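Only the coordinates and a few stated rules stand behind these numbers; no lab work does. Please read these numbers as outputs of a predicted model, since none were measured by experiment. Note that each Cβ is placed from the backbone with ideal geometry, even for glycine, and that neighbours are counted across all protein chains shown.
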Amino acid sequence: MEAESRPAAAKPAAAPPVPASSSAPAPAPATPSPHRPADWWVGLSDEELLDVRLCDLGVTIEGSKLEASIAELHAELDAVQLAFKPHYWLSDEWFTPDGVGGIAIPFYLAHPRLEALEEAQMLEVEGGTHEWCVKILRHEAGHAIDNAYRLQRRRKRLKLFGPSTAPYPEYYTPKPYSKSFVLHLDSWYAQSHPDEDFAETFAIWLKPGSQWRERYADWPALKKLEYMDELMRELAGKPARGVSRRKLAPLSSLKKTLRQHYDRKREHYGYEYPNFYDRDLRRLFTPWSDAPKGSPPAWRFLSKLRKDVCRRVSRWTGEYRYTIDRVFEDMIARCRELNLRLTGPEDQARLEFTILLTVQTMNYLHSGRHRVAL
């Protein structure tokens, strides 16, 4: 997740600025009063909190749970004798700026109230658990080390991973069956760009107990891991010199409201998904005209399953939960339009629908038509 300039061309890609509507609520007061606590916004409702600007949140890494995750990453770097340590700051997303030896961390991870809002808006909290946060930090540390030691121009790195100068795409089309790339973050992220491939390979190499030699024994990706091992052994104990410690787009500089932030983020991840609904929904449910009297509407049944099924399918397929939820919403709407009814046992319908959504998602992923938003 490396950014050359803001807006970052990394996951999630930033959208153009959203002009403030004349009818939109005015943002909450800018700088908190000296007589008001730093987290004055904690007691606000979600609707009220969405009108607070990011720069007015006042959250910091210090004193948050992020300190433990960063400490674990540093312990792992010490264990392999890497002297360089990244610097960190809060921003609106995960990214490592091009040429900088530091990592931007999304603001919501610095406070439980903001994590709750993130989940309400995006249905999941990326990096929300300690394990998940450390996993992403390992990846970003790969970018930071790549920058700090200026590794991008090394001949063997170019041969194995490709040029860092390749443009970042807005979307990429992964090949889930490929063994030329390691598997660390979801959505086959190593396939999105040569620099992401490098960072993902570093993360697998760094993770304690990953047993990468055994796991990737018959994969072409093993050559990348062996090169990473060779490269990091060469760098062991060596300080990085002249490293940029810039902080790009720190939270204090972001004037957009949380509402604007999430509007853009949801728009980015709500990209087009294939419309395979009608045929399969008609197989699973029954038209109103053929259903026994009193049969419940299919849309109401699906509404009850929505949160749990989206979570499961997202975990199994690696697809973003928000994207799957958009598909689910379309399916519910289509069941309304077709006036479909549930006529069989609920447990059986629940299982069949979960399988349906999983299989269709995987078919789409393997078809070559799937595009993942960066």
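At a glance:
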item	result
Per-bin percent of Cα-Cα distances, the range 124-223 [10 Å]	15, 47, 34, 4
Mean-position separation - Cα centroids, the range 310-352 and the range 135-162, in angstrom	40 Å
Cross-link table LYS207/LYS304; LYS65/LYS179; LYS207/LYS238, entries beyond 27 Å C-alpha to C-alpha	LYS207/LYS304; LYS65/LYS179
Counted charge near LYS156, where neighbours are those whose Cβ lies closer than 15 Å (Asp, Glu -1; Lys, Arg +1)	+3
The range 2-260 - percent relative contact order, Cα under 8 Å, separation 6 or more	26 percent
Straight-distance crosslink candidates among lysines, where the alpha carbon sits under 16 Å from LYS256 and sequence neighbours closer than 8 are dropped	LYS265
Other-chain or far-sequence residues with amide H under 5 Å of GLU319's (modelled H)	none
Along principal axes, Cα extents of the range 2-260, largest first, whole Å	57, 36, 32
Interchain or long-range residues, amide H under 5 Å from LEU254's placed H	CYS55
